[in-house]
Each structure stands twice: as C-alpha cells, then as structure tokens.
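Here the structure is laid out as structure tokens; the discussion comes afterwards.
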Amino acid sequence: MNEPDVIQLDVDPVRFGQSFVGSEAFKALFQEGMELIEETAAYLDGPGREESRNLPRQESLVYASESMRLTTRLMQIASWLLLQRAVAEGEISPDQAQLEKNRVRLSSQDTATTVSEYESLPARLRELMGLATRLHARILHLERLIAEAGAPSQAPVPNPVATQLGMLQRAFGLTE
C-alpha cells in the first residue's frame, strides 16, 4: 500500500444530522426545549397573566408583543425538535423532514423593544426570553451544520501532497 492509497479513501463521510438526532446530546436538547416550553406556558397562563394586568398601559403592550414573540420562537423550536425526533425514530425520512422544514422555518426575530421597555418587563418573562433566545440560537447553529452536512458534496479535490508524492515517485521510477 502506498501513501496515496492511505490518503484517499473511498468511504462516505458520516452525516452529522443523522448521527446527531440519534445521540444523547439531541435527547438532552429535546428535553431542554420541551421543559422550556412547559415552563413558559405555565408562566404565561398563571403568574405572567397576573403580572401583565398590573403593568401600565405601554408596558402592558410591550409585554403582549414580547410574549407573542416568545411563544412564536418556542413554537418554531418545538416544530424543529419534533421533526428531528421523527427523523431519529424513523417515522419520516430526512427528505420528508426537509419538505416540512420549508413550511415551518426557523427565523431570527428582530425586536423593536427598547432597553428601557425591556427592563420594565417582569423578571421572569425576561429570563424566559433569554433562555428561549439562547436555545433558538443553538438550534439555528445546529440546523446550519445539518444542512451543510446534507448538501451534495462537490467532486473530491485531489490531495496536493499525494499529487506531489506521485510525481516524485514517477520521476524517480519508484512506482509499483
């Protein structure tokens, strides 16, 4: 076996998306996401509802828009997590998942809320917003990694070291 044979193996790379959705790390991410959704729902339906009633009018409007933005973000997260779990469990194929992803897109959401408006919101809502934003960013990152790993690969680029070694071997008559 010569050096170019060792350098250039004809094996398919491991697809990140397929390996990730079946991993313990994905199960932990799924659990974290679902727990955050439950916590947020419990807060918005209970203490959050009471806190919003006690806010002045302008802050109450900010609360309403931010809580809607939060629930939208969490629904995107839930959709992505459930879709990935369905792929991991073999309920749907990765191609079917891609079609579904096109219907429910993970999108970054800009906010028009000012710093002073944000600071006037109840602490628990701000905490949940921060947790959801961080989880959303992690999922967007994973989605990019999965998409890149699933993209059709380009023609393999010749290894420059193997090319040079081959030229040297041919020049000195060292080929087998």
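Annotations for the structure displayed:
- For segment 44-133, the Cα-based Rg and Dmax, in that order, read 16.5, 50 Å.
- Coupling constants for segment 81-96 follow from the phi torsions by the Karplus curve (6.51 cos²θ - 1.76 cosθ + 1.60, θ = phi - 60°), and in residue order they are 4, 5, 5, 5, 5, 4, 5, 4, 8, x, 6, 9, 7, x, 5, 5 Hz; glycine and proline get x.
- Counted charge near Thr113, where neighbours are those whose Cβ lies closer than 9 Å (Asp, Glu -1; Lys, Arg +1): -1
None of the figures in this text is laboratory data; all of them are computed from the coordinates on show. Owing to the predicted nature of the structure, the values given are computational and were not obtained by experimental measurement. As a convention, Cβ positions derive from the backbone with ideal geometry for all residues, glycine included, and neighbour counts pool all protein chains shown.
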